[in-house]
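**Q** There's a structure below that I have some questions on.
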Amino acid sequence: MPRSSQSSLSPDSPPADPQPAAPARLAGLAPVVSERTVVLVLGSFPGVASLRAEQYYGHPQNHFWPILQALWPQHPLPGRDRYAERCAWLLDRGLGLWDVYAACEREGSLDTSIRNAAVNDFAALRPRCPRLSAIAHNGGESFRHARAVRAALGLPAGLQEGPVPSLRLPSTSPANASWSFERKRAAWAEALAPFGLMD
């Protein structure tokens, strides 16, 4: 009897290892901007805690919001449970918030785990920020796309060219443990001071 051309596993063969499931595709948060936005702060993509809370910099150990409070001590920052008021507070300081990535695949919260990312539509954002004077990248992963962001905004390719420079700021993430809170605060203060926001 001719043998089948198809191979088959014997009853004693171990089952094949299942293929690992691909990470779920994640969608980012909407921009927090207004016509008063002078400096646009760009992260990379919200971490797990931020996505769960639907808040920018929602991890309790992230230094972003504490740094802002330290920069404007005369203006009390609303608490974590008053996020809409926090965003209004931020806009009143002349800041805006968004991320470089609109969506990506990622396990956990580390930037090094980001895969298959799609960049946000910065061209559509520009008309909403007529006073935009600087782009502040919160960390290295965001800054890696500085030139692409500038191109989408119709800005010169040089990071310091034209009226809207691109700034690289130390990441406020708890993963950036090599920078102390005070060192981060000082770097952010120095970067924002030229734009008249520190009054």
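Values in this text are rule-based calculations from the coordinates and carry no lab data. Note that the structure is predicted; figures quoted are calculated from it, not measured. A quick note on method: Cβ atoms are made from the backbone with ideal geometry, for glycine too, and the neighbour counts reach across all protein chains shown.
**Q** Exactly which trypsin sites (Lys or Arg not before Pro) in region 104-195 are in a DSSP loop and have at most 13 other Cβ atoms within 10 Å?
**A** Taking region 104-195 and a limit of 13 other Cβ atoms within 10 Å, the loop trypsin sites (Lys or Arg not before Pro) found are Arg131.
**Q** Using the crude model of +1 on Lys and Arg Cβ and -1 on Asp and Glu Cβ, and no other charge, please compute the dipole size for the chain relative to its Cα centre, in debye to 20.
**A** Dipole about the Cα centre, nearest 20: 280 debye.
**Q** Could you list the chymotrypsin sites (Phe, Trp or Tyr not before Pro) in region 113-199 that lie in coil according to DSSP, counting only those with at most 16 other Cβ atoms within 10 Å of their Cβ?
**A** Trp179
**Q** Ok, one more. Which is farthest toward the positive dipole end of the chain among Ala88, Gly43, Pro156, measuring Cα position about the Cα centre, with Cβ charges +1 (Lys, Arg) and -1 (Asp, Glu)?
**A** Pro156
**Q** With runs of 4+ DSSP H residues as the only contributors, calculate the mean residue ellipticity of the chain at 222 nm using -39,500 (n - 2.57) per run, divided by the residue total and rounded to the nearest 500.
**A** -6500 deg cm²/dmol
**Q** Something else about it: Gaussian network model of the chain, Cα springs within a sub-10 Å range: biggest mean-square fluctuation belongs to which of Tyr56, Tyr101, Tyr83?
**A** Tyr83
**Q** Distance in nm between label sites at Glu161 and Arg126, each 7 Å beyond Cα in the beta-carbon direction?
**A** For the pair Glu161/Arg126, the computed spacing is 1.4 nm.
**Q** How would you classify region 82-180 from its alpha-carbon gyration tensor, with a ≥ b ≥ c the square roots of the eigenvalues: rounded for a/c under 1.5, else prolate if a/b is greater than b/c, otherwise oblate?
**A** The shape class here is rounded.
**Q** In debye to the nearest 20, how big a dipole does region 81-194 give about its Cα centre with +1 on each Lys and Arg Cβ and -1 on each Asp and Glu Cβ?
**A** Roughly 240 debye for region 81-194.
**Q** In whole angstrom, how far apart do the alpha carbon centroids of region 176-196 and region 64-133 sit?
**A** Using only Cα atoms to place each centre, the spacing works out to 16 Å.
**Q** Next question. Among (i) 23.9, 86; (ii) 19.2, 58; (iii) 21.8, 91, which is the computed Rg and Dmax of the Cα atoms in Å?
**A** Among (i) 23.9, 86; (ii) 19.2, 58; (iii) 21.8, 91, the one derived from this structure is (iii).
**Q** Assuming a ≥ b ≥ c are the square roots of the Cα gyration tensor eigenvalues, decide whether region 135-199 counts as rounded (a/c under 1.5), prolate (otherwise, with a/b larger than b/c) or oblate.
**A** Oblate is the answer for region 135-199, as a/c is 1.5 or above yet b/c matches or exceeds a/b.
**Q** Turning to a different aspect of this structure: Quote the FRET efficiency, to the nearest 0.05, computed for Glu182 versus Val48 with a Förster distance R0 of 35 Å and r equal to the Cβ-Cβ distance.
**A** Computed FRET efficiency for Glu182 and Val48 comes out at 0.80.
**Q** Further question on the same structure: Return the loop-located GluC sites (Glu not before Pro) in region 43-143 (DSSP other than H, G, I, E, B) with at most 16 other Cβ atoms within 10 Å of their own Cβ; answer none if there are none.
**A** Glu54, Glu107
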